[in-house]
1. Against the definition (part of a strand (DSSP E or B), surrounded by fewer than 21 Cβ atoms within 10 Å (Cβ to Cβ) and polar (S, T, N, Q)), how does A:Ser324 come out, yes or no?
2. So, in segment B:85-103, how many residues would count as being closer than 21 Å to B:Lys140 by Cα, more than 8 Å from chain A (Cβ to nearest Cβ) and surrounded by 18 or more Cβ atoms within 10 Å (Cβ to Cβ)?
3. So which of B:Lys128, B:Lys123, B:Lys152 ends up being open to solvent by 20 Å² or more (accessible area, probe 1.4 Å), basic (Lys, Arg) and farther than 23 Å from B:Phe85 by Cβ?
4. Assuming B:Thr203 fulfils every condition listed in (1) buried (at least 22 other Cβ atoms within 10 Å of the Cβ); (2) over 30 Å from B:Gln78 (Cβ atoms); (3) among the β-branched types (Val, Ile, Thr) apart from one, which condition is it?
5. Just checking, does segment A:315-324 include any residue being within 14 Å of chain B (Cβ to nearest Cβ) and not aliphatic (A, V, I, L, M)?
6. Mind listing just one residue for me: the one in segment B:47-59 that is of a type outside the set (Asp, Glu) and free of Cβ contacts under 8 Å to residues at least 60 places away in the same chain and, of those, nearest to the other protein chains (Cβ to nearest Cβ)?
7. Condition test on B:Asn37, is it part of a strand (DSSP E or B), open to solvent by 30 Å² or more (accessible area, probe 1.4 Å) and away from chain A (no Cβ under 13 Å)?
8. Restricting the first residue to segment A:34-51 and requiring it to be assigned to a loop (DSSP other than H, G, I, E, B), which pairs with a second residue that is among the aliphatic types (A, V, I, L, M) meet a Cβ separation below 9 Å and a spacing of at least six or different chains?
Amino acid sequence: MNIQDNYQKNKKNIFFSENKDIQTYREKLINIFENDRFDKKNNESLKNINLKNFFDFKYKYLISEETSVINNNQENSYSIVSVNGQCLSYKDDKIEITKILDEDYIDFSKNDIIENNDHFVNLNSLFLNSGFKILIKKNNNIKIKISNIITDDDLTIFQKNNYICEEGSSLNLIEEYENKNNSTSNILNVIKLEKNSQLNHFLIQDNSSNHNLIITTHSSVKKDSTYTQKVYNFSEGYVRNFHYSELKEANSEADLQGIFFLKDNNTSNNKTYVKHLAEDCKSNQVYKGILNDRSKATYFSNTHVDQVAQKTEGYQLSKGILLSDNASYFSKPELKIYADDVKCSHGSTIGPIDENAIFYLRSRGMSKIAATKILISSFINEELSSIDNEQMSEIIQKKLVRYLSKVK
Amino acid sequence: MFLEIKDLSVKIENKNILKSLNLNINKGEVHAIMGPNGSGKSTLANVLAGKEDYEILNGSINFKDNDLFDLNIEERAQEGMFLAFQYPVEIPGVNITPFLHSAINSKRKRMNEEEIDNLSFAKLLKSKASDLGINIDMLKRSVNTGFSGGEKKRYEILQMSILNPDLAILDETDSGLDIDALKIVTDGVNKLKTKDNSFLIITHYQKLLDYIKPDYVHVMVNGSIVKSGGSEIAAEIEKDGFQKFQ
């Protein structure tokens, strides 16, 4: 079945299919699909992708009406169970949760930072069948934990979420993805940080091998605001974490961190595109991976510094440990700088575990396996010890121990 | 015999480094090996510790009634062999204290001894560090990371005094040390010396041997020991260099 037929057939289950403007936009997307050659070599969104898994359209679109849960158990602290990409509406004097609206969709469709051949974002926009919007009201300091649950096999969730932090607000957001059914989540997070606001966004990904998780985040950051994203990927299934960030006003910041633990035939694709569009902005990226067996990873990174963006600081770092000769990690950090007063750097180090360090530790009586494990833990020690949330830290440590128990 | 090296020949990447080397060390003895650059001294130290880059062409090594080649790197350490590295490796993120605690317990486990608990280990570490003039704050850091040359060597000796080996091999421990640091390090070694343990000291210079008195001095040239004797040999080398042995 081609995309056009598939779209027509499932229209009734797709959000906003009655909206004329959205219809027109979607027709454009269908055209892009039909005219694209799916050139895996030159399209970063298709690297390491088994096209058949995502484009044969045998999946279900109709989402069962499971009810999500919202708890406001402590002051300023909320826990949400989002079922199949949906969330109940909720409102108090600090936050507001609603379904995603036509206008949010249209607003996002106007952005030009995401390439028009990113087919996963296009699929998301075309077949959107879930999503919500969370607004943090002015000057509030909020914690939210979201557990993302998928209930059915063969289901594909095309979900668009909007997070808006109003002026002076702060959000500590923890998202858990721990799905075990044969399904795909294609999620687009659209984040807007108004003046002097903060969002600390943790994503813990630990899906089984038959669940594919595709997350694309778009953040736009205004004056004196900071977006921080920390992704810990322990999934056994395919995971893509792409991030597009626009530092729109002075003194805004994006800190992006991704740590992934791969084994078997697993793949993790990572991409970042940070646009510095104003002066005194800062971006910092650290992507680290441990790859065992025949696993694969990519890190495409682009930091673009506009000519007005003087005093920019932009750093990119990727590191990888290959525990097997058959594992591979492709890293391509790029800087495009059009301003003349900037501090930018990029670096990439990928290789097997340091044999001299192993020898040193073994020469003190440690077994080879214990030495290997201690070196893996030390490789990510800096990132793990920087987690200031005790509960998160414990969760990550437990998952790390589980991953290490499989390292031979 | 405590350590018996017989007719040992070793190569790395098609280059023969050790050639029919013989060396015997008894319990309680201090041996020094001196030799010019490239004579194979560090290779000998690495082969004893079990580094896997080398190909053993011929010969045998017996250590405490074990065929050394039957033991892997960690088993050698657990049996009481210790190499103080010429260039200690920096390992960021591996904290000194838990690393050493785990090292000492792996040795105790092999010897069927009771493992040392956290508190007793902390006390032991603190007292040994203080003997070596090592600041307690340094013990909170990662292994060798950001240490000066002198600190690295001092930290090697600290590990040695904690692990209390039967045979300690000091591979150019004096290199990069100023005179004060050299004194602290050699005092540490002398304190550890008993009638039950042995030392193999590898050095270019006599200076170290002014502080640690060897029972035997061997001259190593081109992969073999060409002369053995007492500390008078060290004085001879200090005066005339290695030229006459080559």
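The values are calculated or read from the model by the stated rules, or taken from the named source; none is laboratory data. Note that this is a predicted model, so its numbers are computed, not measured. For neighbour counting, all protein chains shown are included, and Cβ atoms are generated from backbone atoms with ideal geometry for every residue, glycine included. Accessible surface areas use protein heavy atoms only, side chains included; no ligands, DNA or RNA. Shrake-Rupley method; radii C 1.70, N 1.55, O 1.52, S 1.80 Å.
1. Numbers: part of a strand (DSSP E or B): no; surrounded by fewer than 21 Cβ atoms within 10 Å (Cβ to Cβ): yes; polar (S, T, N, Q): yes.
No: the conditions fail for A:Ser324.
2. Summing the residues that are closer than 21 Å to B:Lys140 by Cα, more than 8 Å from chain A (Cβ to nearest Cβ) and surrounded by 18 or more Cβ atoms within 10 Å (Cβ to Cβ) in segment B:85-103 gives 3.
3. Details: B:Lys128 fails: farther than 23 Å from B:Phe85 by Cβ; B:Lys152 fails: farther than 23 Å from B:Phe85 by Cβ.
Exactly one residue qualifies, and that residue is B:Lys123.
4. (2)
5. Yes; the residues of segment A:315-324 include at least one that is within 14 Å of chain B (Cβ to nearest Cβ) and not aliphatic (A, V, I, L, M).
6. Residues of segment B:47-59 that are of a type outside the set (Asp, Glu), as a first pass: B:47-51, B:54, B:56-59.
Then drop every residue that is not free of Cβ contacts under 8 Å to residues at least 60 places away in the same chain, which leaves B:47, B:50-51, B:54, B:56-59.
Details: B:Val47: 12, B:Gly50: 7, B:Lys51: 6, B:Tyr54: 12, B:Ile56: 17, B:Leu57: 21, B:Asn58: 23, B:Gly59: 21 Å.
It comes out as B:Lys51.
7. On the way: part of a strand (DSSP E or B): no; open to solvent by 30 Å² or more (accessible area, probe 1.4 Å): yes; away from chain A (no Cβ under 13 Å): yes.
Considered against the rule, which asks whether it is part of a strand (DSSP E or B), open to solvent by 30 Å² or more (accessible area, probe 1.4 Å) and away from chain A (no Cβ under 13 Å), B:Asn37 comes out as no.
8. A:Phe38/A:Leu46; A:Phe38/A:Leu51; A:Asp39/A:Leu46; A:Lys40/A:Leu46; A:Lys40/A:Ile49; A:Lys40/A:Leu51; A:Asn48/A:Ala297
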